[in-house]
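Sharing a structure with you now.
The values are calculated or read from the model by the stated rules, or taken from the named source; none is laboratory data. Everything numeric in this text was worked out from a predicted model, so none of it was measured. We place every Cβ from the backbone using ideal geometry, glycine too, and count neighbours over all the protein chains shown. Remember, those area values only see protein heavy atoms, side chains included, never the ligands or the DNA or RNA. Shrake-Rupley method; radii C 1.70, N 1.55, O 1.52, S 1.80 Å.
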Amino acid sequence: MKALTCAMLLCAALTAQNSAAPRTTSSVKTQILWEKLGIAIRDIDQHLDGVMGVAIQDLTTGEHFFLHEDELFAQASSIKITVLANLYLQAQQGKVKLNDLYTVQSSDLVPDSDIMNGLTPGVTRVTLRDLATMMVAVSDNSATNVLIDRLGMQNVNTMLDSLALTHTRLRRKMMDLQAAKEGRENISTPREMMQLLDAIYHGKVLNRESTAHFFKMLSTHKDSFIPRDLPPDLEIADKPGELEAVRNDSGIVFVEDRPYVICVMTAFLSNERDGEEAISKVSLATWRMFDRLSRATEYGRVVSPGNGTR
């Protein structure tokens, strides 16, 4: 029975890889690593009491792994990636300035706003860049809502339409429970969030300077699931999301010479902590593969500082 299960998992992983990006730059040995990564991820999925979707892409070769990649998931705070991208796009277009000042209003304040709720309404002035920092670093919902008002929800969605990301939608402000009850959830799929980050990385959304600033902002230290078990000095630009029965995290891990996109989304969780741990396990398994690929020769010999010459 165990052998049969392993065979089924291997077959599923091979099927996923058959729909992957071009293989022309990959060796058979590299493909075996991808297949084993697929087996590991599917095993994590099988042991999760909930639903998980995954999209991983090598930004160097275009190869990818998919699991339930086109399923729609509530994004929670991960949707703030789209708001941040549109902020830098509108700043690049001259529609707003990152240094534009805004006076905090009491009407702006909503729950889960660790910074904004401590500011003095009618007195404290912050820049749009300040608001973006709050949105990314501590997922401040009030700061996010101010940015959504300044940018325009439709403008965010128009940007997504221009990238053919038709299933990714900003449909409500943060903590708008009535909109959520009416089904106006902020949504995306693992594939589309991967495509958004890939497009930004490859300069299809922002110019070089704005792209660099975008990823610097998104790399602001935060408590999230993708980096949890990875080396602390590794640059990771991600944004997690949390709702009841939902845990997500999407971002780019900047492994030297081998950066990759990773988007892991979970729903229908019986235990949210299990969802967080599943995301971290997928992230660790993925990093281990890319770390080896980044340091290995074509023959699979990994070259690290201090290695002997034998």
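What number of residues within segment 69-93 are closer than 28 Å to ALA245 by Cα, open to solvent by 10 Å² or more (accessible area, probe 1.4 Å) and touching a helix residue (DSSP H, G or I) at 6+ places or on another chain (Cβ under 7 Å)?
2
Pairs please, first residue from segment 277-305 and modelled with pLDDT of 95 or more, second anywhere and small (Gly, Ala, Ser), Cβ atoms under 7 Å, 6+ apart in sequence or on different chains.
Final answer for the pair search is ALA285/ALA40.
Among the residues in segment 251-266, are any at pLDDT below 95, over 19 Å from LEU234 (Cα atoms) and either assigned to a loop (DSSP other than H, G, I, E, B) or open to solvent by 10 Å² or more (accessible area, probe 1.4 Å) (or both)?
The answer is no, given that none of the residues of segment 251-266 is at pLDDT below 95, over 19 Å from LEU234 (Cα atoms) and either assigned to a loop (DSSP other than H, G, I, E, B) or open to solvent by 10 Å² or more (accessible area, probe 1.4 Å) (or both).
Looking only at segment 197-222, filter to residues that are out of contact with any strand residue (DSSP E or B) (no Cβ under 8 Å at 6 or more places or on another chain), part of a loop (DSSP other than H, G, I, E, B) and of a type outside the set (Val, Ile, Thr); which one of those is modelled with the lowest pLDDT?
HIS221
Further question: Can you go through ARG228, ARG247 and tell me which one is out of contact with any Phe, Trp or Tyr (no Cβ under 9 Å at 6 or more places or on another chain), under 28 Å from HIS213 (Cα atoms) and either among the basic types (Lys, Arg) or outside any loop (DSSP other than H, G, I, E, B) (or both)? Give the steps one after another, and end with the answer.
Numbers: ARG247 fails: out of contact with any Phe, Trp or Tyr (no Cβ under 9 Å at 6 or more places or on another chain).
Testing whether each residue is out of contact with any Phe, Trp or Tyr (no Cβ under 9 Å at 6 or more places or on another chain), under 28 Å from HIS213 (Cα atoms) and either among the basic types (Lys, Arg) or outside any loop (DSSP other than H, G, I, E, B) (or both) leaves just ARG228.
Confirm whether PHE254 is closer than 26 Å to THR133 by Cα and among the aromatic types (Phe, Trp, Tyr).
Working: closer than 26 Å to THR133 by Cα: yes; among the aromatic types (Phe, Trp, Tyr): yes.
For PHE254, the condition - closer than 26 Å to THR133 by Cα and among the aromatic types (Phe, Trp, Tyr) - is met.
For segment 271-284, what are the residues that are assigned to a helix (DSSP H, G or I) and surrounded by fewer than 19 Cβ atoms within 10 Å (Cβ to Cβ)? Let's see the steps before the verdict.
Looking only at segment 271-284, we keep the residues that are assigned to a helix (DSSP H, G or I), and these are 272-284.
GLU272, ARG273, ASP274, GLU277, LEU284, listed by residue number.
Go through (1) within 20 Å of the chain's Cα centre (by Cα); (2) farther than 21 Å from LEU177 by Cβ one by one and return the number of the condition ARG129 breaks.
(1)
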